1. Starting at the first residue of region C:77-86, write each ³J(HN,Hα) from the Karplus equation 6.51 cos²θ - 1.76 cosθ + 1.60 with θ = phi - 60°, in whole Hz, x for Gly and Pro.
2. Within a 10 angstrom radius of each residue's Cβ in C:119-129, how many Cβ atoms of other chains show up on average? Whole number is fine.
3. Would you list which lysines come within 29 Å of C:LYS258, measuring only between C-alpha atoms, while excluding same-chain residues fewer than 8 positions from it?
4. Tell me, what is the percent relative contact order of region B:30-144, built from C-alpha pairs under 8 Å that lie six or more residues apart?
5. Order these by the 10 Å Cβ neighbour count, fewest first: C:PHE183, A:PHE251.
6. Using only Cα atoms, tell me the angle between helix A:369-380 and the longest principal axis of chain A; keep it within 0 to 90° and round to the nearest 10.
7. Among C:PHE74, C:ILE204, C:GLY283, flag the residue with its Cα farthest along the positive direction of the charge dipole of region C:72-315, charges on Cβ as +1 for Lys/Arg and -1 for Asp/Glu.
8. Output needed: percent of Cα pairs per 10 Å distance bin for region C:222-305, bins running from 0 to the one holding the longest distance.
Amino acid sequence: MSLSARLTAATAGAVLLAAMPASAQTTISAYVNQYYAPETNPELSAVTEELVVEYEAEHPDVDIQLIAHIADVNAYQAWLTTRFTAGDEPDIAWQQFYQRNSERGDNWLALNDYLEAPNPYAVAGEPGSERWIDSFFENVLAQIRAGDGSWYQVNTNWVETGFYVNEDMLSANGVDISSWQDWGDMIDTCRQLREQGIQPIGVFMTPEWSTYQWLDDIIVTGAFADVMQSWYLEKYDNEFLPWRQLNPEEFAKAVKEGKFSVEDPRFDTYLQLTKDMADNCLVEGFAGIPEYDTLFNMFYNQQVAMVWLGSWSAPSLEDVPFSVGSGYMPPFSKQDSPYAIHDTSYRVGGPSSSGQFGLTARTAERGTAEIAIDFLRFFTAPQNYARVAAADSGYIPVIEGVEPPAVATAFQEIAQLPERGLTDPIGRLNQQFGTEHNRLMQSFMLGEIDAAQLKNQYQRALDRAVEDMCFENEAEWTWCAE
Amino acid sequence: MSVSEAGAARRGRFPWGLVVPTAGLSFFALVTWYPFVFMLATSLKTRQQFFESYWWFTFPFDWMNYVEVWPRVSRAILNSLVYSGLALALTLFFSLLGGYAFGRFNFRGKDILFLAILMLLMVPGILTIVPLFVQMRQFGFMNTWAALVLPWTGFEMVFGIYLMRLFFERLPRELFHAARVEGASEWKVLLFVAIPLALPGLGSVAILDLLFTWNDLIWPIVTMSDQNNLPVGPTALLFRGNENVDYGAIFAAYVTISAPLIIVFSLFTRQFLRGIEGI
Amino acid sequence: MSSMSGSVETSRRRTRERRSAGYYVNKYLPWILLAPVLVHLVIFRYIPTFSAFFYSLTDWDGIRIRRFLGLRNFEDLFADYVFLDGLRNMAIYTSLRVVLLIAFAFLAAEFVISFRSAAVRTFWKIVFVVPMVVPISVTYLLWGFIFAPQNGMLNSLLQAIGLAEMARPWLGSSATALYSIAFVQFPFISGLAFLVFVSALEGIPRDVMDACEIEGCGRIRRVFAVDIPMLRGSLIFIAVLLVLSGIQAVEPQLILTKGGPGTATETPGWYVYRAAFQYGDFGLAAAAGVVMVFVGLVFSYYTVRARYKGAYDVGQ
C-alpha cells in the first residue's frame, strides 16, 4: 500500500510541482512572517524578495525559499506545531518569544555561539562586525532570553502601544487628557464621560491574547513596583538597566518564594485598581469583543472616546473621519498605589512583534544550520534590514544602526518611560498560566467572582505554573529544588 | 390547497393555511439569505466603506477586490476542483460499496462491523490531526493531492456508508430478486441495478462531501506547504493581513470560491433532494 | 440469501451449478465489497485514532513520548474546573442546538408541505439549499458583528424597536455568552435537517394526513398525532448528527469567544484545540479528545440502535 501510494503521490507531486527546479543547491526554507506576504503586503514582500535575490547572487549554491505569511494566528500555530511534530518545519521560522520560551520539546536551536561570532555582513567597525549580538538591543535580549539562559531567536523589531483618542469627542465634552496628573484623574475623566453616555476606553479581553493585557501590565507594575527590583536574579543583571522587565525565571522564583502572592497587600491594590478600571473606564462588553477590528470599528464610528492600540495601527488610522490624538496612561500617585515608586507610567511595548526569528532544530539535523544562520545574518545586517524596515511602517526596528520610520516617532516620548515590570500574562510564566490569568480576571472584572474566590484560584494557577516550569527547566533552575 | 384550506376558502374565511406558511418561510428565507447578501455586499467595499457601514451595500461598488483576488483564487479553484473531485469520486465509490454490502446482505459480524464504522463519527477530527499528519509524512504525501484526498475520503465515507445503507435498505427487494431470477450475476445486479438506483442517494452524499471538502481549513494549511497547491478554503485567509484586514478582498475571495458550489448545487439539487428521501 | 433458491425447475443441474458458484459469491461478496473500504478506514481513521488513544496515556510533546503516565492525564482533566465547566457547557450547548435546530427545521418543513404544488415546494427547498454554500467561518464572523456590544446589529435592532433596556453585551457576560453562541445561524434552516424533514413528511401518504384533518383533528393536532410519530426515524437520525456536531464544534470559540468570559463558553473540543496547538501538550489533548469520544459513544449508542431498528421496520 505504502509503496504504491508513494508512487501515485510522487506522480501527482510531479504534476503539481512541475515548476520545481531540480538541482544540487542547498535549499533553505524560511518563514519570515509578514516580511513575505505577497497577497497583502506586496511592497514589503518585494523588498524581501530583492534581498533574497541579492543573497542568492552572492551564494549561487543556496536557494532561499520564502514561505508566505499565514496571518491567522491560530492557523499559523497549527501549521507550525504539526510541522514540528513531524520534523518537517522550515529552517528559519517566526515565533512569539514567550510562546517559544514556554514550548515543550527541543524544537529550536540555541543561538548563543552564533551570536558571539561576528556578522560578516556588518560593515567593519559597526555594531555586529565583531560580535553579532552587538547588533541587538540589550533590553530586548534581556527580555527574550529563555529559561535555560540561551537565546533561541533574534528579534529585529519592536511595537509600542498607547491611547489613540477622538479629539473632537473629548473637547466637545471638555476633556483634555494631557492634563491628567495621576491615575485618579483618569478615572475621573472616565466617570465624566460615562455620565455623558460616552464609552471611555476601548479595549477587549478574552482568555487569549487581547489588548487589555497591556493595561494589566501597567497596573500590576504600579502595585508591585517597590519590590520588583528585589526579585532580580544576579545572572540576568545588567548594569545599564537598573529597572527592567522581569523574565519568567525571576517571576517564577518570586512566586515560589511567596514574594508574589495573593496574600500580599499589594495584590489587593492590584485588584482594586483593576476593578476601578473595569467599572469606570472600559467599554461595556469588553469581554465579549472577539478581536481587534470590532474595536477599531467602534472607534471609527465614534462609539468610544479612546482606544488602546499599537504603533502598527497608526497607518490605518489615517483615514478616520475626525481628528485623532494620542496619549498615555498617567502615573500612579501614592494615594492610588502606596507601592508606586516612579513618577511616570510604564511603557508597554515589546519585542512580541513581527520580527522574531529562530533556527529550528531540524536545520541542524539537515546540516543546513550554518547556511540558515548566514542568511539570517545577511537579513539582519543594518544596511539590509533598514530596507525592509523602511517599507514596514508601524514597527520600530531594534537593530543598532537602523533608523525608525516616521510613524514610530510619535511613540518616541513613550519610549522614554520605564519598562513595565511584568510582561503580558501569557508571557509571565507559561501559556497555561496566561490563559488562566485572563480567564480569572475576566470573571473578576465582570463581577462574576469576588476577590476571595479569585485569590484562591489565582494562587493555585501560579503554583501550578511554577511547578510545571521547574519540571521543564530542572537542570537550569537550581533554586527550584531548594 | 389542502382540504382545510379548501374548506376555509369555501366558507369565505381568510386563508390562514396559506398565509402563515408563506409569511413564516419568507421570514426564514430573509434571515437565512442575509449572510449571503452580507458576503456579497462586503466583497464590494473598500476598507473605509466597510467601517462606515457594514450591514448593507455601499456605493460606489469597489470591483477592484475581485481583480485583486482573482489570480490567486482562480488557481485555488482549479486545485480544489482536482482535490474535491478526486475525494468525491473515492467517497462515492466507497460509500456505494459499503452501503451496498451492509444494506443488501446479511453476514456474520455485520452489526459489530457497522457499529465499529459508525463509531468513527464520534472521533473528533482535531483528536487525530497530529497522528494523521505524522502518517502522511511517512507516506511521503506532504504537499500532494493525496494528503488531502485520502484523509478526506476516510472522514466523509463513514457518513456516506451510513446514508447508502439506509438507502439500499429502503429499495424494494423485488427489484433485486427479479434481476437474479432473470439470471443476472451479483456483479451484474450491482452494476446494472444497484448503481442506477443509487444515484439519488449518491447525490446527497456528494453534496455533503463537497460542502465539507470545499470549506476545510486547518488540514490543508497543515499539509500543503506550497501555497500554489492550496485549495480554496485557506486561500481566502491569505488575504487577511496583520494590521489592515482587507475585508473587501477576503469576502471577494469567499464569493468567488462559493460560485462553483452554487453552480453544482443548482445543477444537482433535484438529485440531492431525491436522495434525502431515504433517510 | 435463502430467497434466491430458485423455484424454476427447468434444468436442475445448471441451477445447482450456478447456485454453488453464486453461493461463494454470496458468502464472500459483502467482504469483497467491504475490503477496500476497511483497508482505507484502517489506514486513515483507525490507526490515527488508536494512536491518539495510546498517546492519551503519555506525556507526549508531539515528537517523543517523554513519560508514560497511565491515567494521570485523565486525573488532571477531571481535577481541572475548566474541563468540568466545559463538559457542563457542552451538555447545555449541544442540547440547545439539538432542540433549536430540530424545532425550526421541522417548523419550516411543515410550512413547506402545507403547499400542494410540487413546484412551490421545490422552490422553497432550493431557497434554503443555496445558502448552505456560505462558509462556516463567514457565518461566525458575521454573527460576531451581530452580537457586538456597542454597534452590534442585535442591540441596534432592540433599540430601534424600543427595547433598549434589553440590549446587552451578548458575548461579554457569562449569563448570556453560551446561549448566544447556541443561537448562531438562526433560524437554522439551511442544512440537512430541514431537507430530511421535508422529504420524510412528503413520504407520509397524503390521505393519512387528510384523513386525520377530515376527522377534525386540526393541523396542529395532526402534527403531533401523525407527523411526529411517522418521522421518528428521521428525528433520531438528525438528533444524533446534531449531537455529534455539537460535541465537536470549535468555531464558536475559535472565532467568537476563545472560551470566555471566564469559563462561560469553554468546551472539551476547545480544550483539545488549546492543549494541542497552544500548550503543545498532546498527551493531555488526546486525553480530552478520548473523553469526548466516550461521551459521544454513550449518548449515541442507544439512539443509533433505536434508529437502525427503525430502518429495518421501514425496509421490511
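Bear in mind that the values in this text are calculations on the coordinates, not laboratory data. Worth saying up front: this structure is predicted, and the values here are computed from it rather than measured. Note: ideal-geometry Cβ built from the backbone for every residue, glycine included; neighbour counts use all protein chains shown.
1. Karplus-based 3J(HN,Hα) across region C:77-86 equals 4, 7, 9, 9, 4, 5, 5, 5, 4, x Hz.
2. Neighbouring Cβ atoms belonging to other protein chains average 4 per residue here.
3. Leaving aside lysines fewer than 8 places away in the same chain, those within reach of C:LYS258 are A:LYS275, A:LYS455, B:LYS45.
4. Reported relative contact order: 13 percent.
5. C:PHE183, A:PHE251
6. Helix A:369-380 sits at roughly 50 degrees to that axis.
7. My answer, from the dipole projection, is C:ILE204.
8. 16, 35, 26, 15, 6, 1
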